[in-house]
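This report concerns only the one structure given below.
The values are calculated or read from the model by the stated rules, or taken from the named source; none is laboratory data. Predicted model only: the values in this text are computed from it and were never measured. We place every Cβ from the backbone using ideal geometry, glycine too, and count neighbours over all the protein chains shown. What goes into the accessible areas is simple: the full protein's heavy atoms, side chains included, and nothing from ligands, DNA or RNA. Shrake-Rupley method; radii C 1.70, N 1.55, O 1.52, S 1.80 Å.
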Amino acid sequence: MLNGYIDLRSDTVTQPTPEMREAMAQAELGDDVFGDDPTINRLEEMAAAKMGKAAAVFVASGTMGNLVSLLTHCNRGEEVIVGSEAHIFRYEAGGSSALGGIAQFQIPNNPDGTLPLDRVEAAIRGSDQHEARTKLIALENTQNRCGGTVLPVDYMKQVRALADKHSLNVHLDGARVFNAAVALGVDVKEITQYVDSVTFCLSKGLSAPVGSVICGSPEFIAKARRYRKMLGGGMRQAGVLAAAGIVALEKMIDRLADDHANARRLAEGLADTPGFVVDLDRVQTNIVFFELDANAKVTADVVTQRMLEHKVKLISPGVHFRRFRAVTHAWVDRADIDRTLLAFKAAVT
Ligand code: TLP
């Protein structure tokens, strides 16, 4: 429960835990643009170590992390291969094209969130003067719009091999990469060892109020810092935010398994509820996509409105769509899921 509601709109709605608030209040601070905020420095060291990279930089958001990473990898007129369902393509306001002159070659994601390797290879170009030159492959793990699906470690390895064959870099939008690691039961380094750069979010399932971290080589991160500054992201005494991020990394990763179990419970309950259709195979982490049955007598907007009356917040799919997304997180427990299922039963009838 969050402010009296079961809020399933996103895991971005999570609020800092009491321990985070305490750490924020006590944080030792400095001016991060001068490099002397000890709390930021500690968060960046911890993040780099966790991801198996040599350096890291704290940024304001996942969107900024991806944008700074793409600007760092690609010059104007160069191209990134990206999924048609990727957050970078769908929800980042075209930032890398608008601000970086970077072209995007979109490839339809497989339903499981992967990009078909043959199509990735066929998309690599640049030897001819007519073509933008491919520089980067961008993956997303977990893949949000495909259902919070997990890209397997072996798939990451295959993308690395393909990138090496063509001298390309690989960036991972790892906004929820800890969800992927927990779902796979592996150390997150198993996943990130195959990418040159990774952005992960502290402000989603890990419950910190603000912030993401980009991890990569020292040279990459030095260049990324310059782009962060250019975008206005040099944040001074941002150790107050990093302090929450440190608690997030220390305390909030293992418990993501509870969110996954709750998502599963929600998905199975919805699958048993006449009026809804769920692809259970794609419910692998904390995200549940489901649709109103074609024969349902109510519209998605009406369902959303009725759910709100039952104190459950959902993003409305809009009048033309039937597809909902529910995201579990630390402010939703098992009892909330059972209440939500009862509310859905009432809302579709
Ligand atoms: N995703 C948000 C919305 O923007 C859709 C959400 O509610 O899921 N990468 C991925 C895979 C994301 O899901 C998001 C946020 C981001 C990047 C951007 O992170 P922020 O919101 O911190 O800019």
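Could you tell me which residue of region 61-85 is surrounded by the fewest Cβ atoms within 10 Å (Cβ to Cβ), considering only residues that are of a type in the set (A, V, I, L, M) and more than 8 Å from the ligand (Cβ to nearest atom)?
71
Look at residue 23 and say whether it is over 25 Å from the mean Cα position of the chain (by Cα), touching a residue at least 40 places away in the same chain (Cβ under 8 Å) and within 25 Å of residue 331 (Cα to Cα). Break it down into steps so the answer makes sense when it comes.
Values: over 25 Å from the mean Cα position of the chain (by Cα): no; touching a residue at least 40 places away in the same chain (Cβ under 8 Å): yes; within 25 Å of residue 331 (Cα to Cα): yes.
No; evaluated as a whole, the condition is false for this residue.
Identify, from the list 92, 45, the residue that is more than 12 Å from the ligand (Cβ to nearest atom), of a type in the set (D, E, K, R) and either assigned by TED's automatic domain parsing to the domain that holds residue 213 or at pLDDT 95 or above (or both).
Numbers: 92 fails: more than 12 Å from the ligand (Cβ to nearest atom).
Exactly one residue qualifies, and that residue is 45.
Starting from region 89-102, keep only residues that are open to solvent by 70 Å² or more (accessible area, probe 1.4 Å) and of a type in the set (D, E, K, R), then list their pairs with residues that are modelled with pLDDT of 95 or more and within 15 Å of the ligand (Cβ to nearest atom) whose Cβ atoms are within a distance under 9 Å, requiring at least 6 positions of separation or different chains.
That search, which allows pairs on different chains as well, returns 90/84; 90/144; 90/145.
I'm trying to understand the selection: among the residues of region 48-60, which are open to solvent by 10 Å² or more (accessible area, probe 1.4 Å) and either more than 16 Å from the ligand (Cβ to nearest atom) or in contact with a Phe, Trp or Tyr (Cβ under 7 Å, 6 or more places away or on another chain) (or both)? Show your work before the answer.
Initially, region 48-60 is screened for residues open to solvent by 10 Å² or more (accessible area, probe 1.4 Å), giving 49-50, 52-55, 60.
Result: 49, 50, 52, 53, 54, 55.
Would you call residue 170 more than 23 Å from residue 11 (Cα to Cα) and buried (at least 24 other Cβ atoms within 10 Å of the Cβ)?
Details: more than 23 Å from residue 11 (Cα to Cα): yes; buried (at least 24 other Cβ atoms within 10 Å of the Cβ): no.
When the stated conditions are applied, residue 170 does not pass them.
Select from region 318-334 the residues that are farther than 17 Å from residue 267 by Cβ and open to solvent by less than 90 Å² (accessible area, probe 1.4 Å) and write down the one among them that is modelled with the lowest pLDDT. Give the steps one after another, and end with the answer.
Applying the first criterion (farther than 17 Å from residue 267 by Cβ) to region 318-334 yields 318-321, 330-331.
Next cut, open to solvent by less than 90 Å² (accessible area, probe 1.4 Å) only: 318, 330-331.
Values: 318: 75, 330: 98, 331: 98.
Looking at residues that are farther than 17 Å from residue 267 by Cβ and open to solvent by less than 90 Å² (accessible area, probe 1.4 Å), I get 318.
Which numbered condition in (1) under 16 Å from residue 222 (Cα atoms); (2) open to solvent by 60 Å² or more (accessible area, probe 1.4 Å); (3) touching a Cys at 6+ places or on another chain (Cβ under 9 Å) is the only one that residue 36 fails?
Of (1) under 16 Å from residue 222 (Cα atoms); (2) open to solvent by 60 Å² or more (accessible area, probe 1.4 Å); (3) touching a Cys at 6+ places or on another chain (Cβ under 9 Å), only one is false for residue 36: (3).
Restricting the search to region 191-212, which residues are open to solvent by 10 Å² or more (accessible area, probe 1.4 Å), away from the ligand (no atom under 13 Å from the Cβ) and not charged (D, E, K, R)?
Going residue by residue through region 191-212, those that are open to solvent by 10 Å² or more (accessible area, probe 1.4 Å) are 193-194, 196, 203-204, 209-210.
Retained after the next criterion (residues that are away from the ligand (no atom under 13 Å from the Cβ)): 193-194, 196.
Correct list: 193, 194.
What number of residues within region 135-144 are near the ligand (Cβ under 9 Å from one of its atoms) and assigned to a strand (DSSP E or B)?
2
State whether the residues of region 151-159 include one that is of a type in the set (A, V, I, L, M), surrounded by fewer than 23 Cβ atoms within 10 Å (Cβ to Cβ), within 16 Å of the ligand (Cβ to nearest atom) and closer than 29 Å to residue 264 by Cα.
yes
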